[in-house]
Amino acid sequence: MKRLRCPKCDRYVVFDETQYADGQVLVFVCSHCQKEFKIRLGATRPNPDQPEEKDCGFITVVENGFAYRQQFPLHEGDNLIGRRNKGTEVDIPIETNDPSMDRRHCYIHVQPDKAGEMVFTLRDNNSNTGTFLMNELLGPKDRIRLSDGAIITLGATTLILHTTKE
C-alpha cells in the first residue's frame, strides 16, 4: 500500500501500487476536500539539463512497528531534519506524532573529501530535547563525523544512517 498527500488539505489517500504498471497516470479525488490530482507511477525520466545526482546515502526512520516506513535521501550540503509541519521548511520532514522532536531539530552535512568519499557530519540545531548519536548527547557546538549504520535519536524518534543508496 502506498500513501499520497492531498496537495490541498494534506490528508492521505491510500492505494495499492502493485495493481498498476510503471508509467501509468492515476487520477485521485480527495475524499475530504474533493480536490482532484494526478500522479505518474514509476521512475522519473532523467533530465539531460541537470547533472547526475551523486550517491549521498539516505536515512531510515524507526518510530514504532506500526508506522509506515520512512526513508529520505540525503543531498550534498546541509540536510535540515525535523518534524513535518505544514509551513515549516525542512529538507527531511519526518512524519511523526513525537512532540519531543523539534520542527527544525538537527543537520546532517554531506560533503566529499579530497579522495571523493562522502563525509557525513551531525550537528544539533539548538533543539529542546537534544540530539543523540549512539546514546551520547551532542553538545551545542559539536560536529560529529558519522559512519554507515550510525544511530541518531531525536526526541523519541530514531534514525539510521545509510551511507550508500539501496
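The values are calculated or read from the model by the stated rules, or taken from the named source; none is laboratory data. Worth saying up front: this structure is predicted, and the values here are computed from it rather than measured. Cβ coordinates were reconstructed from backbone atoms using ideal geometry, including for glycine residues, and neighbour counts include every protein chain displayed.
Before moving on, here are some points about what is shown:
- Selected residue (only one of Leu138, Leu133 is in the same structural domain as Gly116 (by TED's automatic domain parsing) and in contact with a Ser or Thr (Cβ under 6 Å, 6 or more places away or on another chain)): Leu138
- For segment 92-124, a residue qualifies if it is modelled with pLDDT under 90 and within 15 Å of the chain's Cα centre (by Cα), and the qualifying residues are Glu95, Thr96.
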